[in-house]
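Visitor: Okay, here's the structure, questions in a sec.
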Amino acid sequence: MRVRIVVVCALAAGLATAGPALARSPQAAGLQVALRAQGLYTGPIDAIVGPQTIAALRAFQRIEGLPATGRLNARTRLAFGPLGRHLFGTRELGRGSFGWDVAVLQFLLVRHGVSVPVNGYLDRPTLRGLRRFQRTSRLAADGVGGPRTFAALRGARVKVQLVRTAVRTAPRPRVYVVKPGDSLTAIAKSAGISLAALARLNHVDPAHVLLIGAHLRVPARAVAAAPKAQPVAATSATSVRASLDRWAAHYGIDSSLAHALAWMESGYNNSVVSSVGAQGVMQLLPTTWDYVETVLIGHPVPHDVDGNVHVGLAYLHHLLSVFNGDERLALAAWYQGERSVRQQGPLDVTVTFVSNVLALKQRM
């Protein structure tokens, strides 16, 4: 029997119905990120509108009381809140921008070999990645997404800079296209080189999830495909949401607030490590972890997904108590520091972060 796949209807920037074929458009990454934020889509952010994406979209439409057509329209995008607004290319993007178009920008940066989180929030790591892409594309490295940057992201092929000394002393690398289930570790093993060497060769962060379709340089002798593995997003998102629900209930925190904060910090990715050493789902500094263990909890906590969420929500509970339940001030202290907020109030960048978390909270 012939199976007919109904795909998401056309978006302003080119997502089109493709019958039995799977629709592919960078705009679809924005849809997948919005669905993942709702806990409905656990597949990879690959911009392929396949059965899993469509099923998640229908589930979201049913939850919102909309016709469950599996087709995207203005009412459905409005229901997504901030993550459903602003298709890619319809506005200028800068630090603190939040929405569908930011998720697409991040997806395209990753496709071009620039390692950034894909969470719909133009944070400091994304800003650094955007500037790097602009420099390699010979654009003004101002960290602002505008027409020229968008055109370069859409039109140029994936660019991965090579280490010149490696090219001179080794056979010319070959291009490996990342497939569903691949991991950088497995690809490195298949290529016969170390994970660190493969990461350096491609200028990628081994802590970040690979996106399907990304191009990696591997030694010429590596010809075998990397063994399949369970997609990281499919397991981590589910376990993270379960931990968030558990510890939010334990500490009496609004679960929607906990989910929104974790999403803004890491996109539910426990492998994220920031440039200043903040780690995991909740992006905790080692000093914060030590304080929570010794003062707030009173015993060591395992350094795993559940432990990271446990420590993070224990600290958020502390901040909410300190600021008498004021979520804005507690989130400001989370982002800026408790003492700094008390002394000078929230900074402009802090206000943007807090507003984005609270806006996303309404959709969680």
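Every number here is computed from the coordinates shown, using simple stated rules; none is lab data. This structure is a prediction, so every number in the text was calculated from the model and none was measured. Note that each Cβ is placed from the backbone with ideal geometry, even for glycine, and that neighbours are counted across all protein chains shown.
Visitor: Gain in length, residue 322 to residue 301, computed as 0.36 nm per residue apart minus the alpha-carbon separation, to one decimal in nm?
Guide: Additional length available on full extension: 5.3 nm.
Visitor: Work out, step by step, the length gained on full extension between residue 68 and residue 151: first 0.36 nm times the residue separation, then minus their alpha carbon distance; give nm to one decimal.
Guide: That pair, residue 68 and residue 151, stretches by 26.5 nm at full extension.
Visitor: Taking the alpha carbon gyration tensor of the range 232-361, what are the square roots of 5 times its eigenvalues, largest first, to the nearest whole Å?
Guide: Its equivalent ellipsoid spans semi-axes of 21, 17, 15 Å.
Visitor: Averaging over all projection directions, find the projected area of the Cα convex hull of the range 108-151 and quote it in nm² with one decimal place.
Guide: Approximately 2.8 nm², given one-decimal rounding.
Visitor: Would you please put 98-106, 189-197, 31-39 in order of how densely packed they are, using the mean number of other Cβ atoms within 10 angstrom per residue and starting with the highest?
Guide: Descending packing order for the listed peptides: 98-106, 31-39, 189-197.
Visitor: Another one. Which semi-axes, in whole Å and largest first, does the equivalent ellipsoid of the range 23-84 have when worked out from the alpha carbon gyration tensor as the square roots of 5 times its eigenvalues?
Guide: Value: 16, 12, 11 Å, ordered largest first.
Visitor: Between residue 145 and residues 5 or more places away or on another chain, which pairs have amide H atoms under 5 Å apart, with H built 1.01 Å from N, and which residues are they?
Guide: 93, 94
Visitor: Please compute the modelled spin-label separation between residue 344 and residue 142, points set 7 Å along Cα→Cβ, answer in nm with one decimal.
Guide: 2.6 nm
Visitor: If we count every other residue with Cβ under 15 angstrom of residue 348's Cβ, Lys/Arg +1 and Asp/Glu -1, where does the sum land?
Guide: +2
Visitor: Further question on the same structure: What does the highest-first list of 118-125, 318-325 look like by mean Cβ count within 10 Å?
Guide: So the peptides 118-125, 318-325, ranked by packing, come out 118-125, 318-325.
Visitor: Multiply the residue gap between residue 200 and residue 294 by 0.36 nm, knock off their C-alpha separation, and tell me the result in nm, one decimal place.
Guide: Taking residue 200 through residue 294 to full extension adds about 30.1 nm, to one decimal.
Visitor: What is the spin-label model distance, in nm, from residue 135 to residue 355 if the labels are put 7 Å beyond Cα along the C-beta direction?
Guide: 3.0 nm
Visitor: Tell me the label-point distance for the pair residue 92, residue 185, using the 7 Å Cα-to-Cβ offset, in nm and rounded to one decimal.
Guide: Computed distance between label sites residue 92 and residue 185 equals 4.4 nm.
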